[in-house]
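Read through the structure below, which is laid out as structure tokens, and then see the notes.
The values are calculated or read from the model by the stated rules, or taken from the named source; none is laboratory data. Bear in mind that the values here come from a model prediction, so they are computed numbers and not experimental data. With ideal geometry, Cβ positions are generated from the backbone for all residues, glycine too; neighbour counts draw on all protein chains shown. Surface accessibility is based on the protein's heavy atoms, side chains included, excluding ligands, DNA and RNA. Shrake-Rupley method; radii C 1.70, N 1.55, O 1.52, S 1.80 Å.
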Amino acid sequence: MATNVVTEHHTTATETRMLTEVQQELARVVTMTEAAATKTLDTVDELMPLIQTMMSDSSKLEEAWGRLNTPELVESIPPQVHAALQAFMSRVHQRGLRLRDGMHELTAAQGYQDLTGQIIGRVVGTLKLAESHLQDIDDELAERGVSFTAGEEATGFYESEASEAGRVAGQDDVDSLLDDLGI
Amino acid sequence: MRILVVDDFSTMRRIIRNLLTEIGLENIEEADDGQTALPKLQGGSFDFIVTDWNMPGMTGIDLIRAVRSDPNLAHTPILMVTAEAKRDQIVAAAEAGVNGYIVKPFTAKTLKEKVDRIFERLESAA
């Protein structure tokens, strides 16, 4: 069977590679957003006990203040100090409540990561299907004796491994390079 | 001090604004890319620029070059905050005249350190 040579299009292998690279990028997005959301939640977990301790201490202080706040005490300290102490204890309690509520809101907002992950999951599913169909087309064309020559050099979605090799590892590497450049 | 934060992503502008406010820098304005940033810079006296690299209208590296080539803006300190982390990009930013470079994701501590370092160096050079 004569082999037909088609020169005007990228090969389906190129498109397949691009689809694979897109899926890898999306997987990277999911990993990054998950890490960010996790870090946020870890921080919330760290701060919540501090807020609760603050509110608990504030309540104990208010109780003690209630016992000590006799007419004799009121007469013995300047009125503005008395008022400021009262107001402070009230504020601590109110602000503690707001902080606690805010942490809950922050926690709930991390739900974005789950929602975006689901969307990306559906997109990846569609991409896998397209990739599979492209492979089927390639296989069928190969059976019919149609082959492709690579025209212009195919470029993928992802940068090549060679260019990735130039990437610094983190801020310390950036600082080191800038030091070398005198900045 | 008047600061311009340039990034096409509004959440990132907010994050940088909040972190700068935490370290006492409060007079902050925003632009969503180099093209909207440049007229603001040319129209007002900004003391510090924080810019991303990848932006649609004018990239951060082109903004830096435009700032450095304008005699009225040339001495404005510029900090680049970007996801671009390749050595040749960092070198390009340095050659364009950036004063500091932070790779995303970054911490509040890193941002403070780099801002402090930029101004310490400027003071000692003055």
Relative to the Cα centre, what is the charge dipole magnitude of region B:73-126, using +1 at the beta carbon of each Lys and Arg, -1 at the beta carbon of each Asp and Glu, and rounding to the nearest 20 debye? 200
Using +1 on the beta carbon of Lys and Arg, -1 on that of Asp and Glu, and nothing else charged, what's the dipole of region B:20-83 about the Cα centre, debye to 20? 300
For A:Leu141 and A:Leu106, calculate 0.36 nm times their separation in residues minus their Cα-Cα distance, and state this gained length in nm to one decimal. 7.2 nm
Debye, to nearest 20: dipole size of the protein assembly as shown, +1 on Lys, Arg Cβ, -1 on Asp, Glu Cβ: 1180
Carbon and sulfur together cover what percent of the accessible area of the protein assembly as shown at a 1.4 Å probe radius? 55
Assign one of three labels to chain B, namely rounded, prolate or oblate, based on the Cα gyration tensor with a ≥ b ≥ c the square roots of its eigenvalues; rounded applies when a/c is under 1.5, prolate when it is not and a/b is larger than b/c, and oblate otherwise. rounded
How many Å² of accessible surface get buried when A and B come together, counting both sides, probe radius 1.4 Å, rounded to the nearest 100? 1400
Wrap a convex hull around the Cα atoms of the protein assembly as shown, take a quarter of its surface area, and give that in square nanometres. 24.3
Can you give the average number of partner chain beta-carbon atoms within 10 Å of each beta-carbon in peptide B:99-107, as a whole number? 4
Candidate lysines for bridging to B:Lys109, where Cα separation is under 21 Å - those fewer than 8 sequence places away on the same chain excluded: A:Lys39
